1. Name the pairs whose Cβ atoms lie under 6 Å apart, with the first residue in the stretch A:287-315 and on the phi > 0 side of the Ramachandran plot, the second among the polar types (S, T, N, Q) and surrounded by fewer than 14 Cβ atoms within 10 Å (Cβ to Cβ), and 6 or more positions between them or separate chains?
2. Could you go through the stretch B:272-291 and let me know if any residue there is more than 27 Å from residue B:13 (Cβ to Cβ), out of contact with any Leu (no Cβ under 9 Å at 6 or more places or on another chain) and without any contact (Cβ under 8 Å) to a residue 24 or more places away in the chain.
3. Please determine whether any residue of the stretch A:289-299 is in a strand (DSSP E or B) and within 12 Å of another protein chain (Cβ to nearest Cβ).
4. Residue check, residue B:314 against (1) at pLDDT below 90; (2) out of contact with any Phe, Trp or Tyr (no Cβ under 8 Å at 6 or more places or on another chain); (3) farther than 30 Å from residue B:21 by Cβ; (4) not aromatic (Phe, Trp, Tyr), all met but one. Which one?
5. What number goes with the only condition from (1) more than 14 Å from residue A:128 (Cα to Cα); (2) of a type in the set (A, V, I, L, M); (3) over 27 Å from the mean Cα position of the chain (by Cα) that residue A:156 does not pass?
6. If a residue has to be touching a Pro at 6+ places or on another chain (Cβ under 8 Å), aliphatic (A, V, I, L, M) and either under 16 Å from residue B:210 (Cβ atoms) or modelled with pLDDT under 90 (or both) to count, how many in the stretch B:49-98 make the cut?
7. Are any residues in the stretch A:168-212 touching a strand residue (DSSP E or B) at 6+ places or on another chain (Cβ under 7 Å), farther than 22 Å from residue B:215 by Cβ and outside any strand (DSSP E or B), and if so, which ones?
8. Tell me the residue from A:262, A:279 that is of a type outside the set (Gly, Ala, Ser) and crowded, with 20+ Cβ neighbours inside 10 Å, please.
Amino acid sequence: MSLGLEPPLDHAPSTPPRTAGEGRVAVPLLAAENLHVSFPASHGQRVTAVEEVSLSVSEGETLGIVGESGCGKSTVARCLVGLLQPGSGTVSLRGERLRPRRTREQRRAVQLVFQDPYSSLNPRLSVRSVLEELLMFHGLARGDALAPRCSELMALVGLPEDALDGYPSSFSGGQRQRIAIARALAVEPQVVVADEPISSLDVSVQAAILSLFADLRDRLGIAMVLISHNLAVVRHICDRAAVMYLGRVVEIGDREQIFADPRHPYTRALLAAAPRLRPGPDSVAARLRGEPPSMTARPSGCAFHPRCPRAEPICAAQLPELLPAPAGSSRLAACHFRDEQG
Amino acid sequence: MSTAVLQVRDLTVSVGRGERRLVAVRDVSLEVAAGGSLGVVGESGSGKSLTLRALMGLLPPGVRVDRGTVELAGEQLPFAGAAARRSRRGRLAMVFQDPLSGLDPVYTVGAQVAEVPRRVLGASASASRLRAVELLRMVGMPDPEQRAHAYPHQLSGGMRQRVLIAMALASEPKVLLCDEPTTALDVTVQAQVLELLGDLRQRLGVAVVFVSHDLAVVRQVADELAVMYTGRVIETGPTKEVLERPAHPYTLGLLEAVVDLDDMGQPPRTIPGALPDLAHVPGGCPFHPRCRFASEDCALFDPGFRYLSDGDAERGTACKYPERVMAG
């Protein structure tokens with residue numbers, strides 16, 4: 001694939017590099033710092049959807065964000081791509097803070113793939129016209145260069161070349177999602193944010209789209225933020241994972257740390273509740289009581305404490321900070337008992 | 001078999017009119033033992049939901065049963081009209097995927113549950129109200145006396161689904177039909193609802209037919225499994241045996257395609273090709289163009305459904321080469 005019809009976006013970092021775990025000094029490719037988002041509710045009140053969320057993704061890395069509905073994961077995704085302005089907090093690209101109105105280059109660098117390929121594609125535009133418009137708008141190709149570039153994109157996402165002249169209605173769900181991915185890739189992004197990209201697809205198609213994502217990451221080195229409620233999906237293709245509950249990140253770290261040795265009781269509960277084809281001996285683990293509370297009635301202290309099997313009085317009184325677990329680790333957990341192993 | 005409470009034979013359902021009529025469910029035969037549980041698995045367009053709706057006598061306009069029979073406790077059920085409703089009332093009940101559309105927003109959930117014993121069983125108004133609270137308690141609704149006065153919008157998705165299950169059970173049915181009842185729910189809540197269904201089956205002896213696209217979910221609720229593809233049942237058998245050693249290449253393909261939390265060794269494997277649409281179902285075995293075990297015969301002859309003996313388990317498959325598939 002001909003990456004770089006234009007020089008890569010190389011901006012001098014405007015903030016000093018942060019120190020990442022293990023002493024590496026690195027500026028993350030895309031970083032969210034202390035995001036807060038609230039929405040207006042009835043009676044002049046506001047509902048907090050996202051609180052103190054900080055996460056980042058480095059070059060070529062895949063970050064998964066998991067959580068149940070209403071945990072704020074999609075809101076974070078919308079902040080990352082600039083569809084939504086956080087109430088406070090910043091999103092930065094290569095250390096450069098992104099202003100509410102992003103430049104064309106900045107918009108190009110971060111692309112979004114939506115969950116539902118039936119509503120995210122314009123039914124009146126052929127695949128070719130969607131791609132050509134993007135390529136011309138961003139000045140990536142014009143005239144005779146358009147057609148070969150479109151064909152290249154089709155090959156990249158595993159569609160036949162004649163798909164270019166089709167309209168969304170003539171494609172299946174999996175094919176539409178491939179088109180949506182081609183649309184995101186057309187502008188040669190540095191980060192692709194995918195919000196539940198396979199959950200509206202049939203089982204036999206999910207695997208194909210997932211391996212397409214893995215393949216694109218390996219071949220093009222694109223960084224990805226993958227939002228999913230499905231732990232298995234995150235485990236299969238992400239390098240790092242963040243678990244969200246009621247607007248906050250409750251645990252974040254390397255994939256195997258999270259899955260093999262979860263330190264937040266909610267992560268453990270999610271793993272125990274996931275339906276499995278081959279149940280292990282621990283699969284009859286205690287079911288979580290209750291349901292996710294609503295944002296309007298956020299429990300005091302740790303928001304998870306009313307459902308938590310490990311809760312003690314301190315949990316209702318004091319909000320646990322997101323701290324290394326165990327001490328010195330790059331994995332963070334927001335639990336008063338983060339040093340205990342499940 | 002005499003123990004079957006629900007028996008479906010050669011059910012064929014078609015959609016559309018005239019020349020463009022398409023067969024959406026073809027020669028489906030299923031059977032559910034009294035107090036048993038049957039999982040029906042398939043992807044979109046496999047005919048699993050239409051089969052369930054035909055069982056319930058709730059086919060949408062333009063969809064019709066061409067042939068086949070449904071017997072409930074030995075009695076044949078009509079498919080349409082007032083007779084269809086009357087014959088199922090108090091014996092068959094259904095729980096749908098979307099819990100909000102099954103509830104009336106302007107009545108309290110207690111009133112909606114109470115309506116069933118009053119109308120179907122002829123109970124008095126006060127007895128029905130008490131029964132509604134009792135049913136809500138049975139489905140695990142916390143604080144049922146208070147919650148009976150709540151309106152649907154005041155309840156969470158999981159609680160609404162519990163209300164619908166309570167309504168379905170209110171008529172004391174012999175069989176509970178479930179159409180993807182947990183798909184709209186979060187995983188932690190899904191686990192609770194699946195547990196509830198298993199619990200109710202044990203306590204009340206109600207048989208459950210559970211339709212889903214998710215093999216891992218079905219494994220938790222169903223003792224017996226039927227896998228559907230292009231409107232046909234292509235494999236049946238005890239859930240555990242079918243999932244451990246599938247006898248149809250489509251079942252095997254589905255299992256390999258599942259993104260499994262535990263199986264990190266190999267990436268999920270894709271079934272080649274795409275689901276055929278109903279107007280273009282391939283001749284011969286409908287799965288042959290996507291099958292790695294297919295021979296030339298598979299393109300020419302429909303292998304038909306046959307039973308295999310696999311140890312003690314009674315299994316069936318619509319594949320010509322089940323031995324090859326079972327060997328991997």
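1. A:301/A:318
2. yes
3. Filtering the stretch A:289-299 for residues in a strand (DSSP E or B) gives none.
Scanning the stretch A:289-299 turns up no residue that is in a strand (DSSP E or B) and within 12 Å of another protein chain (Cβ to nearest Cβ).
4. (2)
5. (3)
6. In the first step, residues of the stretch B:49-98 are kept if they are touching a Pro at 6+ places or on another chain (Cβ under 8 Å); the result is B:53, B:57, B:84, B:87, B:90-93, B:95-97.
With the extra rule that they be aliphatic (A, V, I, L, M), the set shrinks to B:84, B:92-93, B:95.
Then drop every residue that is not either under 16 Å from residue B:210 (Cβ atoms) or modelled with pLDDT under 90 (or both), which leaves B:92-93, B:95.
Going through the stretch B:49-98 one residue at a time, the tally reaches 3.
7. Residues satisfying the conditions are A:180, A:181, A:184, A:187, A:189, A:190.
8. Details: A:279 fails: crowded, with 20+ Cβ neighbours inside 10 Å.
None of the others qualify; the one that does is A:262.
The values are calculated or read from the model by the stated rules, or taken from the named source; none is laboratory data. Just so you know, these numbers come straight off a predicted model, no measurement behind them. No Cβ is skipped: glycine too gets one built from the backbone with ideal geometry, and neighbour counts run over all protein chains shown.
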